[in-house]
Amino acid sequence: MLIESIYKEHGYINRIIQLLDNKVSLLEEEKSVNYNLIRESVDYLSSVAEKVHHPKEDMIYQYYIEHYGEHEGLVDLLQEHHTLSDSTEAFSVIVEMILNDAIVPKEIFKENLKEFTNRIKRHLELEEAKIFPFLKSHLTEDDWKELEAYWKEEEDPVFGHQVNKRYLELASKVT
């Protein structure tokens, strides 16, 4: 079922966030971090969460709004998906700057990384605590069947059967 695949994807995203939170801890201990691994993590979040996962959720949220009327939380989440995409892109630029030998103070990078992961965690928690239970109780079995007919599942490039070669290092750390 569609909602179960979203929960599964949240689990994948949480594993990436845990890895990034570990990098924050290392930075707080004045230890070095693997910026290439951070880049792979952010790239995964950008390419999978922003291009596959959020569009799937947006489809469900939009469906509810079109069939049952506006719901403030759903409208807010549709907008938040856009701002999350923007913050992912902005953080990605910082990581690329470091990898291209630009001087970015570790304290600034650490704070940006911490805010980046905290924002994603808050977003996932809101969806799982309030929005998904609401949708599960208000959408009918026929609604879910109709939604599933619109969506084609894609193989996850890190957690799927075949790891995409651009995520080999990341997969070795989170799978």
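Here is how the numbers come out for the structure above:
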item: Filtered residue count, region 56-82, keeping only those that are assigned to a helix (DSSP H, G or I) and modelled with pLDDT under 95; result: 11
item: Condition check for TYR44: in contact (Cβ under 8 Å) with a residue 60 or more places away in the chain and within 30 Å of ASP142 (Cα to Cα); result: no
item: Residue list for region 140-171, restricted to those being closer than 30 Å to ILE65 by Cα and among the polar types (S, T, N, Q); result: THR140
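The values are calculated or read from the model by the stated rules, or taken from the named source; none is laboratory data. Here the structure is a predicted model, which means the values were calculated and not measured. Neighbour counts run over all protein chains shown; Cβ positions are idealised from the backbone, glycine included.
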